[in-house]
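Worksheet: one structure, shown below.
The values are calculated or read from the model by the stated rules, or taken from the named source; none is laboratory data. Quick caveat: nothing in here was measured; it's all calculated off a predicted structure. Cβ atoms come from the backbone with ideal geometry, glycine included; neighbour counts cover every protein chain shown. Only protein heavy atoms, including side chains, enter the accessible area calculation; ligands, DNA and RNA are left aside. Shrake-Rupley method; radii C 1.70, N 1.55, O 1.52, S 1.80 Å.
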Amino acid sequence: VLDGVDQANYAGLDQLAEVLEDVGGKIEVECGAQEELDSMAGELSTRYEELRLLFTLNQALNLSDSCISIVDKLLQDTVLHMNLDAMAYIEPRVNAVVCVKNPAATIPNLDLIVAQLRGDLYRYLSSSKEVLILNEPDDSRRDFVFRNFPFKIIASPVFSGSNVVSTLVILNSLEKPHFDTSDRRICETIAAQVSSLFRMRALIDEMDRFNAQMAAALIETVEAKDPYTRGHSERVHKISLEIGRAMGLSPEEMTNLHWGSLLHDIGKIGVPDSVLCKPGRLSRDEYMVIRCHPERSYEILRHIERLEGALPAARYHQERYDGKGYPHGLVGKAIPLLGRITAVADTYDSITSSRAYRPGKSHEFAMEEIVRNAGTQLDPEIVDVFVALCATETEWLKKILHATAAPTFYGS
């Protein structure tokens, strides 16, 4: 039988037990919540790394470079962001291989390893059309792909339509953590990016071919009106590009010069044959009709949005540096650069090419005329570039003239 004191102590212990139990329950809840928070934090960290990598990949895809160069950058960024040992893009049908190794990783005979990846692994993925993950060294699938391969592997097929055209492979040493779902998602995403990249490049190439064919058709239409001008547009185009390269124009400027110089005379399509092919001196009215062709070139080409930057070469190649040209009488540097470059090339080819009313002149005569007209008809700085180009690289101009059936080139 407990006395009053013992009963009081027992009641106190009972209350303490309840309190401790309550505290323990709360600690358990708190620990569970903390574990959940830690798990969520880890998941968020993984997602952040994925998003950061994908952002980097999207930036890389905006580069105006070759597909292989872009793929190389994609692999380099991925290797660094994910701390991978190595990564490779393999397209056996065209013998294309891009392989990137982490500088901190030790992988002997990497070239031999990549050569192995081009065989059975590619055939396996072509058949399965699924991502392959090999983490365990005793995974039975290694017998079908490659045996005694001391790496963890994740490989994704790269599709063109429903066909597997290439593979994307990630290698890590066996000591590193297993590839997981996040790694799989990233590998699949990069493979999809690469597939889109090559599909986009194919569309661009197709569009470029169409543009070139359309330009050739337009030029053929103009030159069919006057057999004496056959090859003129192409020669002016090639000479203009050589001048542009020597001046260090940007890629965008070179593209605009490419199209503008090639199509600079397209407006002559609206000039009557009786005027364009007249063997004698033009009347004042006939000369006014000829003077309209640069503005007509602009009116034809301005409807093509992609040629907006090329319009100045076609519209202003007949302007004079002293302001006495046409169609707008612009002076000096107010004449757009592409128009001034095309003017020099156009002047040279016009002098050296035969016309219905006169035979073509020699290279030496043309150069004397161009130098004499520097500062009046032509931009003197561009004339200096052209003269230096002809003096230091004498063969390029001969090749251009001979390739397009120009008149005989006299001298060097």
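Out of all the residues in segment 107-123, which are open to solvent by 50 Å² or more (accessible area, probe 1.4 Å) and part of a loop (DSSP other than H, G, I, E, B)? P108, N109 - these are the residues of segment 107-123 that are open to solvent by 50 Å² or more (accessible area, probe 1.4 Å) and part of a loop (DSSP other than H, G, I, E, B). Those helices (runs of 4 or more DSSP H) of segment 231-282 in which at least 1 residues are within 15 Å of G339 (Cα to Cα), considering only elements entirely within it, cover 232-246, 251-262.
Scanning segment 167-193 for residues that are within 27 Å of T106 (Cβ to Cβ) and either among the hydroxyl-bearing types (S, T, Y) or part of a helix (DSSP H, G or I) (or both) yields T167, S173, S182, D183, R184, I186, C187, I190, A191. Looking at (1) open to solvent by 20 Å² or more (accessible area, probe 1.4 Å); (2) under 27 Å from S196 (Cβ atoms); (3) among the small types (G, A, S), which is the only condition A104 fails? The failed condition is (2).
Please find, among A212, A224, A216, A202, the residue that is at pLDDT below 85, within 29 Å of the chain's Cα centre (by Cα) and closer than 27 Å to K278 by Cβ.
Numbers: A212 fails: closer than 27 Å to K278 by Cβ; A224 fails: within 29 Å of the chain's Cα centre (by Cα); A202 fails: closer than 27 Å to K278 by Cβ.
Result of the check over A212, A224, A216, A202: A216.
Residues in segment 132-159 that are open to solvent by 20 Å² or more (accessible area, probe 1.4 Å) and either closer than 17 Å to V94 by Cβ or under 30 Å from the mean Cα position of the chain (by Cα) (or both): 1 in all.
Quick one: in segment 333-342, of everything that is open to solvent by less than 10 Å² (accessible area, probe 1.4 Å) and assigned to a helix (DSSP H, G or I), which residue is nearest to E319 (Cα to Cα)? Among residues in segment 333-342 that are open to solvent by less than 10 Å² (accessible area, probe 1.4 Å) and assigned to a helix (DSSP H, G or I), the one nearest to E319 (Cα to Cα) is G339. Filtered by the rule that a residue be touching a Gly at 6+ places or on another chain (Cβ under 6 Å) and either aliphatic (A, V, I, L, M) or open to solvent by 70 Å² or more (accessible area, probe 1.4 Å) (or both), segment 300-320 gives A310, A313, A314. When A374 is tested against (1) within 29 Å of G309 (Cα to Cα); (2) open to solvent by less than 30 Å² (accessible area, probe 1.4 Å), just one condition goes unmet, and that condition is (2). Being assigned to a loop (DSSP other than H, G, I, E, B), touching a residue at least 24 places away in the same chain (Cβ under 8 Å) and either of a type outside the set (K, R) or in contact with a Gly (Cβ under 6 Å, 6 or more places away or on another chain) (or both) is true of F149. Only a single criterion out of (1) assigned to a helix (DSSP H, G or I); (2) at pLDDT below 85; (3) open to solvent by 20 Å² or more (accessible area, probe 1.4 Å) is not satisfied by S126, namely (2).
Can you tell me which residues in segment 382-412 are loosely packed, with under 15 Cβ neighbours inside 10 Å and either modelled with pLDDT of 95 or more or in contact with a strand residue (DSSP E or B) (Cβ under 7 Å, 6 or more places away or on another chain) (or both)? Before you say what the answer is, go through the steps one by one.
So in segment 382-412, the residues loosely packed, with under 15 Cβ neighbours inside 10 Å come out as 384, 388, 391-396, 398-399, 402-403, 405, 408, 410-412.
Answer for segment 382-412, where residues must be loosely packed, with under 15 Cβ neighbours inside 10 Å and either modelled with pLDDT of 95 or more or in contact with a strand residue (DSSP E or B) (Cβ under 7 Å, 6 or more places away or on another chain) (or both): just D384.
Within segment 318-347, residues that are within 22 Å of V387 (Cβ to Cβ) reach partners that are open to solvent by 20 Å² or more (accessible area, probe 1.4 Å) and of a type in the set (D, E) with beta carbons closer than 9 Å, at six or more positions or on different chains, in the pairs G332/D322; L337/E253; L338/E253; R340/E381; A345/E242; T347/E369.
For the condition among the basic types (K, R) and free of Cβ contacts under 8 Å to residues at least 24 places away in the same chain, what is the one hit in R142, R118?
Working: R118 fails: free of Cβ contacts under 8 Å to residues at least 24 places away in the same chain.
Residue meeting the stated conditions: R142.
Suppose the filter is surrounded by fewer than 18 Cβ atoms within 10 Å (Cβ to Cβ), not in a loop (DSSP other than H, G, I, E, B) and not basic (K, R); does D208 pass it? So D208 fits the description; yes. A count restricted to segment 160-191 and to residues that are open to solvent by less than 50 Å² (accessible area, probe 1.4 Å) and of a type outside the set (S, T, N, Q) stands at 13. Looking across S261, S297, one residue alone is crowded, with 16+ Cβ neighbours inside 10 Å and touching a residue at least 60 places away in the same chain (Cβ under 8 Å). It is S261.
Against the definition (within 32 Å of the chain's Cα centre (by Cα), at pLDDT 90 or above, small (G, A, S) and more than 23 Å from K268 (Cβ to Cβ)), how does A334 come out, yes or no? Criteria met by A334. Could we say that A115 is at pLDDT below 85, among the small types (G, A, S) and over 30 Å from the mean Cα position of the chain (by Cα) here? It is false that A115 is at pLDDT below 85, among the small types (G, A, S) and over 30 Å from the mean Cα position of the chain (by Cα).
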